[in-house]
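J.: Please see the structure below; I have some questions.
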Amino acid sequence: MPVHIQEHITAAVQGAKHADCDQNIKIFVLIDSKVAELWKPALPYPTMTVEANEANKNIATVMQVWQWLTEQSATRDAILVNIGGGVVCDLGGFAAATYLRGIDYINIPTTLLAMVDAATGGKTGVNLKMLKNRVGAFRMPKAVIIEPAFLETLPQEELLSGYGEVLKTALLTGEKAYAEAIAILESAVCDRNVKIGERNAGGTKRALLRKTPRRKDCARC
Ligand SMILES: NC(=O)c1ccc[n+]([C@@H]2O[C@H](COP(=O)([O-])OP(=O)(O)OC[C@H]3O[C@@H](n4cnc5c(N)ncnc54)[C@H](O)[C@@H]3O)[C@@H](O)[C@H]2O)c1
């Protein structure tokens, strides 16, 4: 798990509640099963994993979360920490918005799309069969914790989906913002490729690094 996640959660929870309420706060974690497997978190809180996909982003999964919170005796002072992409943030946020008529929640997005969009705006919800985001509620997260290390394991197509959102926002902002976004994304792609190369041993590493110019040599890659 990224080193400071637990400290960030503690700080965010303290910021979210008055200090004199601290003793009553119980933290619960809802985490994407893939993220849990890849990052092996050792957080000292009751934790429920969920397989993050559109088919699971429905009221049946939300009911499982409600049921689990009930079994864990979660009260109104509980805080739900959602760790995952947009699917987990959306459905965890909705579960929090509706459990006991609303408890606090914190999002820790693990995809770029969720970092720049889904985790931040307070739009929560689930699909109704084929109808996307048909049922939901507006409820702002008490905090959003961005840990860029999560992006190291994100599949390329998911990263591209996030880049798309960044570029869309920049386009809507204006020409200068778009040019800046392009420059930042180019640099980010180079950095990521180098990091992935460094994580691989021996020949794979050398092969990747041969293909991947270092940032200083990297006008476009
Ligand atoms: N609430 C909003 O404002 C808002 C805005 C945009 C999108 N959304 C919603 O977000 C959802 C899409 O979110 P998404 O693009 O983040 O996809 P996602 O949550 O479905 O995640 C995509 C895939 O990446 C995996 N994954 C997540 N983090 C990972 C990591 N660090 N390393 C490796 N794999 C990882 C997941 O397990 C999943 O397989 C949609 O349901 C959409 O409706 C909501």
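Throughout, read-outs are computed from the coordinates displayed, never taken from laboratory work. Since we're looking at a predicted model, the values are computed, not measured. Cβ placement follows ideal geometry from the backbone for every residue including glycine, while neighbour counts extend to all protein chains displayed.
J.: Taking a point 7 angstrom from the Cα of Glu37 along the C-beta vector, which residues in region 132-161 have backbone N less than 19 Å away?
T.: Residues 150-159 qualify, since their backbone N sits under 19 Å from the label point.
J.: Also: Evaluate the relative contact order of region 96-135 (contact order divided by residue number), counting alpha-carbon pairs under 8 angstrom at least 6 apart; express in whole percent. Before the final figure, lay out the partial values.
T.: Values: 25 pairs, mean separation 8.8, N = 40.
Relative CO of region 96-135 lands at 22 percent.
J.: Also, quick follow-up: Can you put Ile184, Ile5 in order of Cβ neighbours within 10 angstrom, beginning with the fewest? Intermediate results must be reported in sequence, preceding the final value.
T.: Details: Ile184 12, Ile5 20.
The order, fewest Cβ neighbours first, is Ile184, Ile5.
J.: Moving on. Quickly rank 96-103, 126-133 as a protection proxy: mean count of other C-beta atoms within 10 Å, highest first.
T.: Values: 96-103: 18.4, 126-133: 13.1.
With the highest mean Cβ count within 10 Å placed first, the list reads 96-103, 126-133.
J.: Another question about this same structure. Provide Phe138, Phe150 in ascending order of the number of other Cβ atoms located within 10 Å of each residue's Cβ, fewest first.
T.: Working: Phe138 11, Phe150 24.
Fewest-to-most ranking of Phe138, Phe150: Phe138, Phe150.
J.: If you average the sequence gap of Cα pairs under 8 Å that are 6 or more apart and divide by the length of region 9-160, what percent do you get for the contact order? The partial results should precede the final answer.
T.: Values: 277 pairs, mean separation 33.0, N = 152.
Reported relative contact order: 22 percent.
J.: Rounded to the nearest Å, what's the spacing between the alpha carbon centres of region 41-63 and region 72-127? Just the number, please.
T.: When both Cα centres are located, 10 Å separates them.
J.: Report the number of Lys pairs in region 5-150 whose alpha-carbons are under 26 Å apart, with separation of 8 or more residues or on distinct chains.
T.: Count of close lysine pairs: 22.
J.: Under a cut-off of 14 Å between alpha-carbon atoms, report the aspartates and glutamates in cross-link reach of Lys168, not counting same-chain residues fewer than 8 places apart.
T.: Asp117, Glu180
J.: If you line up the Cα atoms of region 109-167 on their principal axes, what length do they span on each, largest first, in Å?
T.: 32, 29, 21
J.: Oh, and also: Could you work out how far apart the two model spin labels at Thr169 and Ala16 are, taking each label as a point 7 Å from the Cα in the direction of the beta carbon, and quote it in nm?
T.: That separation, rounded to one decimal, is 2.1 nm.
J.: Another question, then. If contacts are Cα pairs under 8 angstrom and at least 6 residues apart, what is the relative contact order of region 68-158 in percent? Mind showing how you got there, number by number?
T.: Numbers: 165 pairs, mean separation 25.3, N = 91.
Relative CO of region 68-158 lands at 28 percent.
J.: Less than 18 Å apart at the alpha-carbon level, and either on another chain or at least 8 residues along: which aspartates and glutamates does that give for Lys176?
T.: Glu165, Glu186
J.: If you take the charge dipole of region 5-150 about its Cα centre, with +1 on Lys and Arg Cβ and -1 on Asp and Glu Cβ, which of Val13, Leu80, Met140 is farthest toward its positive end?
T.: Met140
J.: Taking every pair of alpha-carbon atoms in region 5-150, give the share separated by more than 27 Å as a whole percent.
T.: It works out to 12 percent of all Cα pairs.
J.: For a Förster distance of 45 Å, can you work out the FRET efficiency between the beta-carbons of Leu160 and Asp77, rounded to the nearest 0.05?
T.: Values: r = 40 Å, r/R0 = 0.89.
It comes to 0.65.
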